[in-house]
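The values are calculated or read from the model by the stated rules, or taken from the named source; none is laboratory data. Please read all numbers here as calculations on a predicted model, not as lab measurements. Virtual Cβ from ideal backbone geometry, glycine too; neighbours counted across all protein chains shown. When the accessible area is computed, the model is the full protein with side chains, heavy atoms only, and any ligands, DNA or RNA have been set aside. Shrake-Rupley method; radii C 1.70, N 1.55, O 1.52, S 1.80 Å.
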Amino acid sequence: MTDGKRKNKLKESAGAVVCRQIIRIFLIFWSVLVAFPIVWVLYTSLKTNKEFFASPWSLPGVPQWKNYAEAWNMAKFGSYFLNSIVTVVITLAITLIIVAANAYVIAKYKNRFIAGLEKFYMVAMMVPAVLMIVPLYYFADSLRMTDSLVWLSLIYAIQGMPFYVFMMAGFVRGIHNALLEAATIDGATQFQIFFRIILPLSKPTLFMVMLLNIMGTWNEYITALTFIRDESKYTIAIGLSYLTNSGVYDVNYGRTFAGLAIALIPILIVYGIFQKQIQQGMSSSDGVKG
Amino acid sequence: MSRKKNKWLRQPPDRSKIIFFLCFCLPPLLLYLLFGVYPILNSVYVSLFEWSGFDKLTSDAFVGLGNYFEVITEEEFLCAIRNDFIIILGKEIIIIALTVLFAVSLTRLKFRKGEASLYRFVFFIPNVLSVVIISIIWTFVIDPNFGILNPVLRAVGLADLIPASGWTYEHPLGVITFVASWCGVGMFMLIMIAAINGINAEMYESATIDGANEWKQLRYITLPAIREQSKFIVVTILYQSFSSNFTMVQAMLGSSVNSDSVVMGMFVYQNSFDSQWPRVGYSYSAAVIMLVITAAVSLIVNRIMSGRRSVYD
Amino acid sequence: MGKKYLKTLSALTVICLLITCSGCNFTTTTVTSEIRSTVTYVDGDGSVVSAPESHDSESSGGQNTSGIISNIQDNTVNNAGEIDPSKEEKLSGSFELQIFVGGYGSEAWEYAIAKFEELNPELEVNAHLDTNVNAQMKTRWAKDNPPDFVFIEGTNMPAEVWMEEGKLLDLSDLYENGKVYGTDTLIKDQLKNGLVSYYKNTDKIYQMPVLLSTYGMWYDEAFLNSKGWSVPKNYTQLKSFCAASKKAGVTPLIYPGNYSGYLVWGLLMPAVASEAVASNDLDFFYDVANAANESVFADKRFRRCLEKISELAKAGYFDQNALSMNHITSQASWLAHNAVLIPNGLWLENEMKNSIPDGFRMRYYPAMLQDEGDPTCIIASSAMVGVAAKGKNTEAAKAFISFLYTDDVARKFAELCAVPSATRVDVSGAELTEAAKQVNEMINSSDVRLVAKGSTTWGSVDATINEVVNSIVSQNPDKNISVDEAIDKLQKATKKKNG
């Protein structure tokens, strides 16, 4: 399923060649539109504040590496990194298990009750997440669930569940029933079927879920800000909003952008490493025929 | 689960399945009911009161449907509803147009091998960024003094487009729609590419053998897949937008939101969290109305798009 | 599938209606309906003036209020004296502070807290200094588990609600009888004129001032000198100044459209105050500042002020781009000499200290919109602090407030926050920037009238007036509104607010 597929098929008509060049312009334009802002954040982080106001778009003079140190200290990124990683890992662990299991159940258990469950999650997915913030705020407080990264991870996992379940269910449906029946005949329990057959086959989609989940959790800040009040438990996302908010009062854009870069670079690296899996995962989550 | 209605059950529920279900599916469901459904029921309940969020909720704060009547006649809320739909419509058009354009181009036209992968890699990057970063970047890009957008427009001779009072004052919804679309195109493009690539290669081969040229193939083979996938994208954008509109408006416009740029989520947030005089009951009534609108629109669109089944089946 | 949902939805609706019909109350309640009363107040020069009858006010419950207490006759410099620790009891227990870190920074607070800890070694101080602290503490206030001391500044600070619901401690005793920490000077003698007020029509004081806060117009002295211009000090001068500036190719006026409150309090309201003082009717100012009733916005004095803004806008004196900007980018634009005059608060220098270009001499002038011959007014308010009624160590909190009024600490605040102190302490020896010194001089000058802002609040009309001034200033035909339309909108919003 790569471009290679259709390469040896057609001779290119003249129209196609012209099309290609025109569209190439669009593509390049869009690439610049996407990539340039990131590049801009990176090189602006090395400017002094005065340089920035003098001309925001030019390259820096002397690279101000100290901006990174200042941003790191001011926003206390050291401990926040750890908190973010902990949150991401816990959320991921919970998400993968419940999403995979629910996807399997919804895809393969033919049952009126399960069908009802599927409809329920579908409706649940429509509910805008923003409506949950305010009630959850009061609710969490009464249950004393605040300031706990574990509870936060749980909330993330639960809230993300419907979307990922449907993403995966489409794929799991494509797994041949014959395989599962054969396993049942051989005496396998559901647990065995799940862990030994479904999970290994679903690797691409699982990867997809995993990566989207990591990125979503890393960047999420509104719910985190609501739940975590104790400064020692802040995640990177909260620290970032703190930096940009307080940066408003003590203006130093070089430092602010260094902070942005610190939050940005890890996720870009993760994306870069796993981009192949992401693209494969994208393709397999859409009703592949067995 | 009774054994009587056998036509509902294609496989008899054996113990193993029940255990599996109880282990893996019941806890998340319960938690979902707790964290997802209960807060909503609670907000419906509180919306019947006038509450500042601080003191205990007493029964003499009960106002019944008073909050609802006030909200639906509140001009700002009606503007919010209108703005939400304008943004969603804009997003749908821009994202679908760009997604189809890019996806078809990258799969059907011949590019050097590395080039297409490069585009695919780069286009997804906005999905990876947090909304805080995105809002800071774009606020600066469109800034009248420090931004780069206006100089570029001047350089290509489109200076007439530049609004005199700046982009966010004169066209706040346009700005939000564009930035939100900029974020969204990447992921949907990849999904579309996957769908197109999923088409069996043999179909193209036999079409070529039968003498169909490129355009015909595009129309009859590729297009149906695109149409299917577009429906999925339209519905997904709709689901996500009601919520992401709020985060985007909050991040980019913050406190300068007025009736030109308010969205429903923002209205809810402003009246409860961000206010000198918080009115939690009132904001919850707006939230409930938002929920009803969202659900209604989602159901209708889902039905239109795919007949009786949902796009997600 | 659709049918099932429709059925469920309609069932739910019916049930809801049944439940609520029992307790239906179809009148809409606005929380912000406020009833105010007239209070006598003391003028800046010591004469007692009571509210004149000539001012017409509607009976919809809106009269002016200042509730302002002013006990001393002048604002002359006075030091409270050296601290004698033996005069105070040593405090113990735990002491928790909620301090928002914003334009005033945190150094002054850290200094005060450190010194306070030295004097009270058995006191366990837990200070929360953070930009986000107000949001973090919100639910604690709701659960009646608040910190002891709170700095009433920043976003997410619903002080009005707290005062209404009695969550702040009544400090009237501290004000009346308290002494500056370790001295014999009474607090009410040491504070500057007009900064303390009773809450609405009660005799309770819920907030104590720590820093003087006001808005005004800022400019670059070096730039003006290089062009041979002099600072405009009234409307006539302002008009010719703007004309000269525009001719020279520089936009005269700029303000952040995202925070048009800066324009309202930096240019518009000082003119309103001036009208009030000139017609010997301070009630008028307070009525406007409270959006007390609809007729006040139709008053010709208020109309005149709006018309001036409209005139300036029509002549093209306002930077149109800035309608999209926030305070930082507009200030940065001003620093780059894209504009000459900017309305702002006294924290401007502190806020932009990392961005001020070399050679820029930041200077302040209080009011430029009043007519020639009318008094120049400074609307003085203050950054406030309060004590939680349910705090665990209110004694320590009250002692800390009295400690903030000691000479050393007050001076440090004036230095580090670059704004005048709420006390009358002598700051001539302190390390102030040129701009801060000039501000202090202005505040103490006899040419300037201080009008206390008191506990006035626009309420929900705040959003309206912010939007309205933007619409007056904007020269975009789609957005621009006339003064009549503006007044109409304000009246509608006031009517809605007052219920």
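Just to be sure I understand the filter: pairs with C-beta atoms under 7 Å, separated by 6 or more residues or on different chains, first member in segment C:148-161 and within 14 Å of another protein chain (Cβ to nearest Cβ), second member of a type in the set (Val, Ile, Thr) and open to solvent by 10 Å² or more (accessible area, probe 1.4 Å). Which pairs pass? Taking only residues 6 or more apart or on different chains, the pairs are C:ALA159/C:ILE152; C:GLU160/C:THR457. Look at (1) buried (at least 19 other Cβ atoms within 10 Å of the Cβ); (2) not in a loop (DSSP other than H, G, I, E, B) and you find that C:GLU311 fails only one, number (1).
Checking each residue of segment C:246-265 against the condition of being hydrophobic (A, V, I, L, M, F, W, C), free of Cβ contacts under 8 Å to residues at least 60 places away in the same chain and either part of a helix (DSSP H, G or I) or open to solvent by 10 Å² or more (accessible area, probe 1.4 Å) (or both) gives at least one match.
Residue-level check: of (1) crowded, with 22+ Cβ neighbours inside 10 Å; (2) facing chain B (nearest Cβ under 10 Å); (3) touching a residue at least 60 places away in the same chain (Cβ under 8 Å), A:ASN219 misses just (3). As a summary of the residue check, C:THR456 satisfies the conditions (1) under 30 Å from C:ILE83 (Cβ atoms); (2) touching a Phe, Trp or Tyr at 6+ places or on another chain (Cβ under 7 Å); (3) buried (at least 23 other Cβ atoms within 10 Å of the Cβ) except for the one numbered (1). Note on segment C:462-479: residues that are assigned to a loop (DSSP other than H, G, I, E, B) and either under 30 Å from C:MET208 (Cα atoms) or touching a residue at least 12 places away in the same chain (Cβ under 8 Å) (or both) amount to 3. Here is the figure for segment C:480-499: residues that are surrounded by fewer than 22 Cβ atoms within 10 Å (Cβ to Cβ), closer than 30 Å to C:THR202 by Cβ and more than 13 Å from every other protein chain (Cβ to nearest Cβ) total 2.
Just to be sure before I move on: is C:ALA135 facing another protein chain (nearest Cβ under 9 Å) and touching a residue at least 24 places away in the same chain (Cβ under 8 Å) in the structure I sent? Spelling it out, it is not the case that C:ALA135 is facing another protein chain (nearest Cβ under 9 Å) and touching a residue at least 24 places away in the same chain (Cβ under 8 Å).
In segment B:102-109 there is at least one residue matching the filter, namely being closer than 21 Å to B:VAL235 by Cα, in a helix (DSSP H, G or I) and not β-branched (Val, Ile, Thr). For segment C:377-407, residues that are over 16 Å from the mean Cα position of the chain (by Cα) and among the aliphatic types (A, V, I, L, M) total 8.
Counting only helices (runs of 4 or more DSSP H) that fall entirely inside segment B:145-263 and contain at least 2 residues that are over 30 Å from C:ASP462 (Cβ atoms) and in contact (Cβ under 8 Å) with a residue 12 or more places away in the chain, the qualifying elements are B:149-155, B:172-197, B:201-209, B:214-217, B:223-252. Summed over segment C:209-232, residues that are crowded, with 21+ Cβ neighbours inside 10 Å, within 21 Å of C:PRO270 (Cα to Cα) and among the aliphatic types (A, V, I, L, M) total 3. Taken as a whole, the structure leaves B:TYR269 outside the set of residues that are part of a helix (DSSP H, G or I), more than 28 Å from B:LEU78 (Cα to Cα) and free of Cβ contacts under 8 Å to residues at least 40 places away in the same chain. Considering segment A:1-76, the qualifying helices (runs of 4 or more DSSP H), each wholly inside and each with 3 or more residues that are more than 9 Å from chain B (Cβ to nearest Cβ), closer than 29 Å to B:CYS183 by Cα and modelled with pLDDT of 85 or more, run over A:14-44. Looking only at segment B:23-37, filter to residues that are within 12 Å of A:ALA157 (Cβ to Cβ) and modelled with pLDDT of 85 or more; which one of those is farthest from the other protein chains (Cβ to nearest Cβ)? In this case the residue turns out to be B:PRO27.
Residue-by-condition table, conditions (1) within 24 Å of A:LEU240 (Cα to Cα); (2) within 21 Å of the chain's Cα centre (by Cα):
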| position | (1), (2) |
| --- | --- |
| B:THR99 | no, yes |
| B:LYS110 | no, no |
| B:PHE140 | yes, no |
| B:ASN145 | no, no |
| B:ALA155 | no, no |
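Of the residues making up segment C:366-378, those that are open to solvent by 10 Å² or more (accessible area, probe 1.4 Å) and either assigned by TED's automatic domain parsing to the domain that holds C:VAL196 or touching an Asp or Glu at 6+ places or on another chain (Cβ under 8 Å) (or both) are C:ASP374, C:THR376.
Taking the listed residues A:LEU268, A:LEU264, the one that is under 15 Å from the mean Cα position of the chain (by Cα), in a helix (DSSP H, G or I) and over 30 Å from A:ALA140 (Cα atoms) is A:LEU268, with no other qualifying. Quick check on my filter: what residues within segment A:141-161 are over 20 Å from A:VAL88 (Cβ atoms) and not polar (S, T, N, Q)? Of everything in segment A:141-161, those that are over 20 Å from A:VAL88 (Cβ atoms) and not polar (S, T, N, Q) turn out to be A:ASP141, A:LEU143, A:ARG144. Taking every residue in segment C:314-326 that is not assigned by TED's automatic domain parsing to the domain that holds C:GLY249 and part of a strand (DSSP E or B) and pairing it with any residue that is surrounded by fewer than 24 Cβ atoms within 10 Å (Cβ to Cβ) and of a type outside the set (D, E, K, R), at least 6 positions away or on another chain, yields no pair with a Cβ-Cβ distance below 8 Å.
Conditions tested, residue by residue: (1) within 14 Å of chain B (Cβ to nearest Cβ); (2) crowded, with 24+ Cβ neighbours inside 10 Å; (3) of a type outside the set (Gly, Ala, Ser).
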site	(1), (2), (3)
C:SER274	no, yes, no
C:ALA292	no, yes, no
C:ARG301	no, no, yes
C:GLU307	no, no, yes
C:ASP319	yes, yes, yes
C:GLY345	no, no, no
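If the condition is being aromatic (Phe, Trp, Tyr) and away from chain C (no Cβ under 14 Å), then segment B:103-147 contributes B:PHE111, B:TYR119, B:PHE121, B:PHE123, B:PHE124. Only one of the numbered conditions (1) crowded, with 17+ Cβ neighbours inside 10 Å; (2) more than 17 Å from the chain's Cα centre (by Cα) is not met by C:HIS337, and that is (1).
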